[in-house]
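See below for the structure under consideration.
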Amino acid sequence: RIVGTLVGLQVVWANCHALSVLGLVPIAAALAGGILAAALPQALGWRPADRRTRGELQRLAVALGGGLAAECLTPFGIQGALYPLYLWSLIRGQQQLSFTIVEHRATSLAEVSPVAGVMLVLLLVLGGLALLWSIRRLRIDHVLMAIVFATLGLMARRNVALIGIGITPLLASGLGPLAQQADVWLRRQRWPFLADTTVALASLALVVTVVTGSFYDAARLTRTFGLGESWIMF
């Protein structure tokens, strides 16, 4: 049932979005992670946390094959399924058209907005910490997902948000137990209200900067708060 649902969702996604192929990355990562976990030796006490049964690996393989077939079930057929490869070549600068599109430029901290730059560095640092913290109970599929999406995110500015999607599973499996311990400690100290209040005040302060427009000035964005058209764009 799960395999059928995944393939059905992939068909819907393929008919709605040109980059639906990204939905195959978690499935492929889970399959590759399970195979690697079964093949790698348990050296130095390292036991991968994503060992899977043969039946589960077979279901993952069927889901991956069905997802690949789903990419062709659009009005564009095989040509539509191969469209992401065209975008890949375009972003890599293999066509002159790519140099006229700003969002195809490689991700650079000097060019992205300060907010995006800070969050990008923070995500990469947290991802590294999660990897180190969970090295003896590693989820190989989560590491593979983080690598793939981080590579895509650093390839072009338009892809930078993919880093958050790809690293989130690694953060959850790597730092989840540590976060739970910290939560228990805070409850024992009777400090939860302090954390809640801090988050609420920080969120309110961010809303104020957005409404007043200072957020967009600091982020070097050619947008403003409100309705209508921005004359800056003309």
Residue of V160, V112, V184 that the Gaussian network model of the chain assigns the largest fluctuation, springs spanning Cα pairs under 10 Å: V184
Amide H neighbours of T107 under 5 Å, counting only residues 5+ apart in sequence or on other chains, H built in-plane at 1.01 Å? M155, A156, R157
How many nm separate the modelled label positions at W88 and L36, each set 7 Å beyond the Cα in the direction of the Cβ? 1.8 nm
Computed label-point distance, nm, for sites F76 and A18 using a 7 Å Cα→Cβ extension: 0.7 nm
Could you pull out every residue, at least 5 positions away or on a different chain, whose amide H is within less than 5 Å of the one on N15? Hs are placed 1.01 Å off N in the peptide plane, and Pro or chain starts have none. none
Computed accessible area, R92, all protein chains, 1.4 angstrom probe, square angstrom: 140 Å²
Please work out which option in (1) 33, 30, 17; (2) 62, 18, 17; (3) 30, 23, 15 gives semi-axes √(5λ) of the Cα gyration tensor in Å calculated from these coordinates, and answer with its label. (1)
Checking the a/c ratio against 1.5 first, then a/b against b/c, what shape does the Cα gyration tensor give for segment 3-120? oblate
Percent accessible area from carbon and sulfur atoms, segment 86-234, protein chains only, probe 1.4 Å: 68 percent
Just to confirm, what accessible area per residue do you get for the chain at 1.4 Å probe, in whole Å²? 65 Å²
Given GluC sites (Glu not before Pro), DSSP loops and at most 16 other Cβ atoms within 10 Å, the longest exposed-site-free stretch of the chain is 112-228
Three-way shape label, segment 97-234, alpha-carbon gyration tensor, a/c 1.5: oblate
Zone residues, segment 64-80, relative to I101, backbone N less than 16 Å from point 7 Å out along Cα-to-Cβ: 80
A correct Karplus calculation of ³J(HN,Hα) over segment 113-121, with 6.51 cos²θ - 1.76 cosθ + 1.60, θ = phi - 60°, whole Hz and x for Gly and Pro, returns 5, x, 4, 5, x, 4, 5, 4, 5
Would you give the gap between the C-alpha center of segment 1-79 and the C-alpha center of segment 161-234, rounded to a whole Å? 31 Å
Highest-MSF residue in the chain out of S89, S214, S203 [GNM, Cα springs under 10 Å]: S203
So how do Y86, Y216 rank on accessible area, 1.4 Å probe, biggest first, that is with the largest at the start? Y86, Y216
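The values are calculated or read from the model by the stated rules, or taken from the named source; none is laboratory data. Since we're looking at a predicted model, the values are computed, not measured. Every residue, glycine as well, gets a Cβ built from its backbone with ideal geometry; the counts of neighbours run over all protein chains shown. Heavy atoms of the whole protein, side chains included, go into the accessibility calculation; ligands, DNA and RNA do not. Shrake-Rupley method; radii C 1.70, N 1.55, O 1.52, S 1.80 Å.
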